[in-house]
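Have a look at the structure below before the remarks.
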Amino acid sequence: MQNKLNNKIYTEQFLLLAFISLITFKVVMLPQYLVKTAGSQSYMTMFFMIAIELMMLCVVYGITKNGSILQLDIPKWLKGIFAILVFSSSLIKSTVLGSEGVSYISTSLYANVSWSFVMLALMIVCLYLAHKGGKVLGRTVQIFFWILIFALVFYAVFSNSNFDIINLMPFKISSDLAVAGDKYLMWFGDFTPLLFMSVQPSSNRKKSTLAIWIAIAVIAALICTVGLMIEFICIFGASGEIVGNAFLNVSSLNKISFMIGSVDLPTVISWLIMCVIKFSLLLFAMAECAKFFFGNKAIVSLACGIIVYAIVVYGIGNLKACYNLATGWLRYFVLAAEFGVTIVAYIAMRVSQKRNQSISQSANNQGEVYEKA
């Protein structure tokens with residue numbers, strides 16, 4: 001019962017978590033990879049994949065309004081299959097995306113600090129949030145949301161980027177767009193951790209206000225991903241394929257930095273917050289899946305963290321190995337798990353609702369017959 005209460009969040013919190021889950025690791029190394037494969041038209045791949053994710057998030061929201069995926073009135077064996085698939089996909093994603101985040105922190109923020117120390121510091125914070133559940137994650141993102149807004153406004157006001165629209169030419173649709181979408185599937189499909197939360201409307205929010213927030217969230221997600229991709233290409237052009245950490249290199253081009261030096265602290269802090277939230281979501285999904293089989297114990301969450309830590313530090317250890325793993329055959333398994341679990345869960349939920357409605361209607365009809373008799 002306590003676990004159910006810990007995973008209840010409001011619709012606004014769901015939107016914020018979905019936003020962070022959607023964009024966090026699409027603004028680091030992915031722009032570089034997409035430009036390398038699809039060139040100046042790579043923003044089309046980003047737009048197409050993001051559009052699919054946004055549609056799937058609508059399905060996820062439709063499920064979570066009725067409770068978390070493990071609370072649905074569906075067969076227990078089906079829940080078990082969902083738990084195994086989501087645990088596996090979240091484990092793979094957490095090791096790949098965790099490696100990318102650790103690589104950025106250890107090289108860009110510090111002078112080549114060991115992955116083991118960076119990962120340990122990150123793991124302690126993320127494990128705490130993951131074990132506390134969706135309610136704490138939702139409240140955390142609400143608190144730090146204003147830092148993200150400040151970073152976005154700061155960049156918008158002081159941006160000093162030299163846009164060269166010519167870098168987007170020639171405009172053409174080629175097979176490279178599909179190749180890029182296929183090769184970098186690991187960086188898309190970030191919605192299954194949200195399935196383990198139960199969304200309820202806030203009592204002080206009107207439907208019209210909620211619709212506005214949904215529109216803002218969708219527009220913001222497109223601006224922060226597709227917009228950044230277009231800006232990245234306009235600034236760096238074909239040389240973008242050798243420019244990593246896109247969000248940092250783009251945001252560092254501001255008016256203040258030309259006067260007093262680097263002023264990228266707001267952007268870095270905002271991304272670190274998103275990284276912690278995103279990583280915590282993946283660990284949260286793993287822990288919820290494991291608790292389905294082993295019970296709601298802190299040791300279960302700790303075990304999940306130890307597994308991820310060992311794989312990232314001792315199994316991967318560098319960005320090249322991370323890239324090879326992310327672009328290997330495992331990306332197809334992750335894609336199938338992300339989309340398959342969400343779609344099947346929604347269908348099973350609707351079938352269950354229809355069956356219960358039919359039973360209820362039959363009982364009511366039978367009661368009316370008895371009354372007439």
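Numbers at a glance
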read-out	value
Whichever residue in the range 310-356 is at pLDDT below 90 and within 20 Å of residue 71 (Cβ to Cβ) and, among such residues, is most open to solvent (accessible area, probe 1.4 Å)	354
Test for residue 307: is it open to solvent by 40 Å² or more (accessible area, probe 1.4 Å) and either at pLDDT 95 or above or in contact with a Leu (Cβ under 9 Å, 6 or more places away or on another chain) (or both)	yes
Test: residue in the range 339-348 that is free of Cβ contacts under 8 Å to residues at least 60 places away in the same chain and more than 22 Å from the chain's Cα centre (by Cα)	yes
Selection count where residues are over 27 Å from residue 291 (Cβ atoms), touching a residue at least 12 places away in the same chain (Cβ under 8 Å) and surrounded by fewer than 23 Cβ atoms within 10 Å (Cβ to Cβ), scope the range 31-58	14
Single residue of the range 172-206 satisfying the filter (assigned to a helix (DSSP H, G or I) and polar (S, T, N, Q)) that is most open to solvent (accessible area, probe 1.4 Å)	175
Residue, most open to solvent (accessible area, probe 1.4 Å), within the range 142-171, restricted to residues that are over 18 Å from residue 268 (Cβ atoms), touching a residue at least 24 places away in the same chain (Cβ under 8 Å) and in a helix (DSSP H, G or I)	165
Filter result for the condition that a residue is surrounded by 19 or more Cβ atoms within 10 Å (Cβ to Cβ), assigned to a helix (DSSP H, G or I), among the hydroxyl-bearing types (Ser, Thr, Tyr) and touching a residue at least 24 places away in the same chain (Cβ under 8 Å), over 103, 108	103
Residue 128 being open to solvent by 70 Å² or more (accessible area, probe 1.4 Å) and either more than 17 Å from residue 26 (Cα to Cα) or assigned to a helix (DSSP H, G or I) (or both)	yes
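The values are calculated or read from the model by the stated rules, or taken from the named source; none is laboratory data. This structure is a prediction, so every number in the text was calculated from the model and none was measured. When we count neighbours, we look across all protein chains shown, and the Cβ atoms used for this are built from the backbone with ideal geometry, even at glycine. For accessibility, only protein heavy atoms count, side chains too; no ligands or nucleic acids. Shrake-Rupley method; radii C 1.70, N 1.55, O 1.52, S 1.80 Å.
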